[in-house]
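Trainee: Let me give you the structure first, and then I'll get to my questions.
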Amino acid sequence: MTETQLDRVETMLKKIAPAKHQIGLDFVQQHVAGMLVSMARGKKIDAIHECRTLTGFGLKEAKDLICNALPD
């Protein structure tokens with residue numbers, strides 16, 4: 001991933017990650033790490049799954065979020 005892509009992901013996560021007191025910092029860290037690893041490997045489906053688990057987004061919302069952060 002390029003630095004620009006990582007910046008986009010960081011911005012995205014700041015908007016969607018729940019406050020640590022709501023569900024636990026370990027939960028957030030685990031799923032953010034899983035999402036970043038999946039994105040770095042180009043595994044969009046796995047990244048979308050992690051995004052949905054972390055945010056509670058529907059399939060379309062999570063797919064749009066991940067696909068906008070990754071190159072085609």
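Trainee: Evaluate region 62-72: report whether one residue or more is exposed (fewer than 13 other Cβ atoms within 10 Å of the Cβ) and at pLDDT below 75.
Mentor: Among the residues of region 62-72, at least one is exposed (fewer than 13 other Cβ atoms within 10 Å of the Cβ) and at pLDDT below 75, which makes the answer yes.
Trainee: Report, by residue number, each residue of region 50-72 that is of a type outside the set (A, V, I, L, M), part of a helix (DSSP H, G or I) and in contact (Cβ under 8 Å) with a residue 12 or more places away in the chain.
Mentor: E50, C51, T53, T55, K63, C67, N68
Trainee: What tally of residues in region 32-52 results from selecting those that are at pLDDT below 85 and among the polar types (S, T, N, Q)?
Mentor: Matching residues across region 32-52 total 0.
The values are calculated or read from the model by the stated rules, or taken from the named source; none is laboratory data. Here the structure is a predicted model, which means the values were calculated and not measured. Quick reminder, even Gly has a Cβ in these numbers, built from the backbone with ideal geometry, and neighbours come from all protein chains shown.
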